[in-house]
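S.K.: This is the structure, below, for whatever I ask next.
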């Protein structure tokens, strides 16, 4: 499916989607409230069939956080990047680990590194960092490490 066709299908599922076309993959930005229903449609709609979630990350822009999800349809061979803009002071997003199992560990990483709370996640706890690092969020730009004197 070409990007123009993807835009039509996505437009049917979202109110006023915001597109960014920089490169070969279509990027769509949306607010968190639309995320769970849209994610379910991406997975179950046979014309979209985004069955492979291969990258989940978070970006700290100092004013807000953005969750970034990369999808591929292994049957249709098209790609999509979904970006969720989150409030930096209380970042919350719906978990999609019940739709794509690969999201479970990626969401845990975003939780520990950036402080994003994932509603409905089955096991939201630290993944890599040792006990005592809860809430420190070392990948945020305002993180300060007085021991190693790291300041971003």
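S.K.: Being under 13 Å from the mean Cα position of the chain (by Cα) and over 30 Å from residue 143 (Cβ atoms) is the requirement here; does residue 80 meet it?
M.R.: Values: under 13 Å from the mean Cα position of the chain (by Cα): yes; over 30 Å from residue 143 (Cβ atoms): yes.
Yes.
S.K.: For segment 44-55, which residues satisfy the criterion of being in contact (Cβ under 8 Å) with a residue 24 or more places away in the chain and either in a loop (DSSP other than H, G, I, E, B) or buried (at least 20 other Cβ atoms within 10 Å of the Cβ) (or both)?
M.R.: Once the filter is applied, which keeps residues that are in contact (Cβ under 8 Å) with a residue 24 or more places away in the chain and either in a loop (DSSP other than H, G, I, E, B) or buried (at least 20 other Cβ atoms within 10 Å of the Cβ) (or both), segment 44-55 yields 45, 47, 48, 49, 50, 51, 53.
S.K.: Same structure again: Hey, any hits in segment 87-103 for a residue that's part of a loop (DSSP other than H, G, I, E, B), in contact (Cβ under 8 Å) with a residue 60 or more places away in the chain, farther than 21 Å from residue 54 by Cβ and touching a helix residue (DSSP H, G or I) at 6+ places or on another chain (Cβ under 9 Å)?
M.R.: No.
S.K.: I've got another one for you. Could you list, in sequence order, all residues of segment 56-69 that are touching a residue at least 40 places away in the same chain (Cβ under 8 Å) and part of a strand (DSSP E or B)?
M.R.: The answer is 56, 57, 58, 60, 65, 67.
S.K.: Yes or no: residue 35 out of contact with any helix residue (DSSP H, G or I) (no Cβ under 9 Å at 6 or more places or on another chain), surrounded by 17 or more Cβ atoms within 10 Å (Cβ to Cβ) and closer than 23 Å to residue 137 by Cβ? Working first, answer last.
M.R.: Details: out of contact with any helix residue (DSSP H, G or I) (no Cβ under 9 Å at 6 or more places or on another chain): yes; surrounded by 17 or more Cβ atoms within 10 Å (Cβ to Cβ): yes; closer than 23 Å to residue 137 by Cβ: yes.
So residue 35 passes the test.
S.K.: Look at residue 3 and say whether it is over 21 Å from residue 108 (Cβ atoms) and touching a strand residue (DSSP E or B) at 6+ places or on another chain (Cβ under 6 Å).
M.R.: So residue 3 fits the description; yes.
S.K.: Would you mind finding the one in 74, 63, 29 that is more than 16 Å from residue 118 (Cβ to Cβ), touching a strand residue (DSSP E or B) at 6+ places or on another chain (Cβ under 6 Å) and loosely packed, with under 12 Cβ neighbours inside 10 Å?
M.R.: Values: 63 fails: touching a strand residue (DSSP E or B) at 6+ places or on another chain (Cβ under 6 Å); 29 fails: loosely packed, with under 12 Cβ neighbours inside 10 Å.
Of the residues listed, the single one that is more than 16 Å from residue 118 (Cβ to Cβ), touching a strand residue (DSSP E or B) at 6+ places or on another chain (Cβ under 6 Å) and loosely packed, with under 12 Cβ neighbours inside 10 Å is 74.
S.K.: If you don't mind, there's one more thing I want to ask. Hey, can you tell me all the residues within segment 109-130 that are buried (at least 21 other Cβ atoms within 10 Å of the Cβ) and outside any loop (DSSP other than H, G, I, E, B)?
M.R.: 110, 111, 112, 113, 114, 118
Read the figures in this text as sums done on the coordinates, not as results from a lab. None of the values given here were measured: they were computed from a predicted structure. Neighbour counts are summed over all protein chains in view; Cβ atoms, including those assigned to glycine, are modelled from backbone coordinates with ideal geometry.
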